[in-house]
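Below: one structure, written as structure tokens.
Every read-out reported here was derived from the displayed coordinates using simple, explicitly stated rules and does not represent laboratory data. Fair warning: this is a prediction, and the values are worked out from it, not measured in the lab. Cβ placement follows ideal geometry from the backbone for every residue including glycine, while neighbour counts extend to all protein chains displayed.
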Amino acid sequence: MIDRMNIQKIKVVVIVGPTACGKTKLSIELAKLFNGEIISADSIQVYKKMNIGTAKPTKLEMGNVPHHLIDFLNVEEEFSVSDYIRLAKICISEITRRGKIPFVVGGTGLYVNSLIDNVYFQVEKKDPELRRFLNEKLKTKGITALLKELATFDKESAERIHPNNTIRIIRAIEIYKTTGITMTEHIANSKKIESNYDPIFIGLAYRDRSFMYAKINRRVDKMIDSGLIDEAKEILSLHCSKTAMNAICYKELIPYFNNQCSLTDAIEKIKMNTRRYAKRQLTWFKRDSRINWIFVDEHRDFYDILNCCAKIIENFKYV
């Protein structure tokens with residue numbers, strides 16, 4: 001029997017936080033300082049062509065720092081958390097083998113925690129006929145009906161999953177109907193497997209949320225100026241996966257393209273949904289006591305934040 005206590009765990013730097021707080025720039029500069037490579041933990045940046053709306057870093061912005069799990073999947077393809085974990089684990093292993101430090105960076109909390117805490121996803125059984133039935137129920141009766149059904153056998157999942165996350169709600173029902181085990185039980189059982197990683201968490205946020213919301217609004221305006229409308233039109237003309245189709249900055253423009261609202265109204269909806277998403281991200285990450293929070297509005301400038309985070313990682317490296 002292997003003594004897991006004697007196995008040296010892999011040190012991983014994890015940078016999280018809500019959208020528009022500067023995770024991308026900070027992680028790139030830290031990776032340069034500590035000979036690191038970045039593994040994206042963003043559920044939408046995996047898709048090709050979805051560049052402006054996902055605030056995907058350009059080659060110039062990456063500054064020769066290798067990035068993984070970004071810009072590699074066609075928008076027609078589905079991508080699950082189990083897919084992410086499998087690929088991210090390979091990336092961490094290869095980065096470590098090269099003598100570098102893995103940096104897991106992003107705002108998709110489910111991806112981050114499932115990877116770092118070694119949440120084990122069994123090969124998922126799928127029932128296409130059941131899924132079609134549930135999607136039809138969603139169209140005719142709405143998400144409330146699906147949540148009520150889920151709550152009859154998995155109340156915790158029904159309360160935990162956000163009503164906007166229709167894909168995961170349907171998946172939670174499908175898991176129980178095909179396996180007899182609830183998603184909650186599945187997650188609880190998976191956490192019994194010890195993680196191979198020794199993480200240091202850094203979280204970026206604003207103490208005064210009004211600064212964050214203002215930055216989100218400005219970033220959306222910049223996206224529009226940079227060509228988001230044309231990008232969204234191209235993306236939405238394809239046979240997108242449900243994940244890609246429901247991405248913020250794209251789905252809000254569908255009514256505009258269908259002449260059902262003005263461009264001004266669509267842009268305001270993008271800003272509102274992005275602000276709400278940032279709030280949900282904060283709620284998710286605030287539950288994790290391991291995170292060393294850095295509040296952007298309490299520092300003089302970017303370099304002050306960079307130096308503060310560098311000290312945290314430096315201390316972590318030699319513990």
### Task
Note the full-extension length gain between Leu33 and Ile143 as 0.36 nm times their separation in residues minus their Cα-Cα distance, in nm to one decimal.
34.9 nm
### Message
On a 28 Å Cα-Cα criterion, which of the cross-link pairs Lys100/Lys251; Lys59/Lys89; Lys126/Lys251; Lys32/Lys56 come out too long?
### Response
Lys100/Lys251
### Message
Here is the link list: Lys49/Lys222; Lys155/Lys177; Lys148/Lys286; Lys9/Lys317. Which ones come out longer than 21 Å on Cα distance?
### Response
Lys148/Lys286
## Note on the structure
Yeah, region 59-132 with a ≥ b ≥ c from its alpha-carbon gyration tensor (a/c under 1.5 is rounded, else prolate when a/b outruns b/c, oblate otherwise) is prolate
### Task
Select one label from [x] 122; [y] 168; [z] 149: the one whose number is volume of the Cα convex hull per residue in Å³ as derived from the coordinates shown.
[z]
#### Entry: Among Phe211, Phe79, Phe285, residue whose mean-square fluctuation peaks in a GNM of the chain (springs only between Cα atoms under 10 Å)
Phe211
### Summary
In deg cm²/dmol, rounded to the nearest 500, the helical mean residue ellipticity at 222 nm of the chain, built from -39500 (n - 2.57) for every DSSP H run of length 4 or more, is -15500 deg cm²/dmol
### Task
Using R₀ = 35 Å, calculate the FRET efficiency as 1/(1 + (r/R₀)^6) where r is the Cβ-Cβ separation of Glu156 and Asn258; round to 0.05.
0.40
### Message
Ranking request for peptides 150-157, 302-309: highest mean number of other beta-carbon atoms within 10 Å first, then the rest in descending order.
### Response
150-157, 302-309
### Query
Shape of region 235-319 from its Cα gyration tensor (a ≥ b ≥ c, root eigenvalues): rounded if a/c is under 1.5, otherwise prolate when a/b > b/c, or oblate?
prolate
### Query
What is the fewest-to-most order of Val81, Val105, Val296 by other Cβ atoms lying within 10 Å of their Cβ?
Val81, Val296, Val105
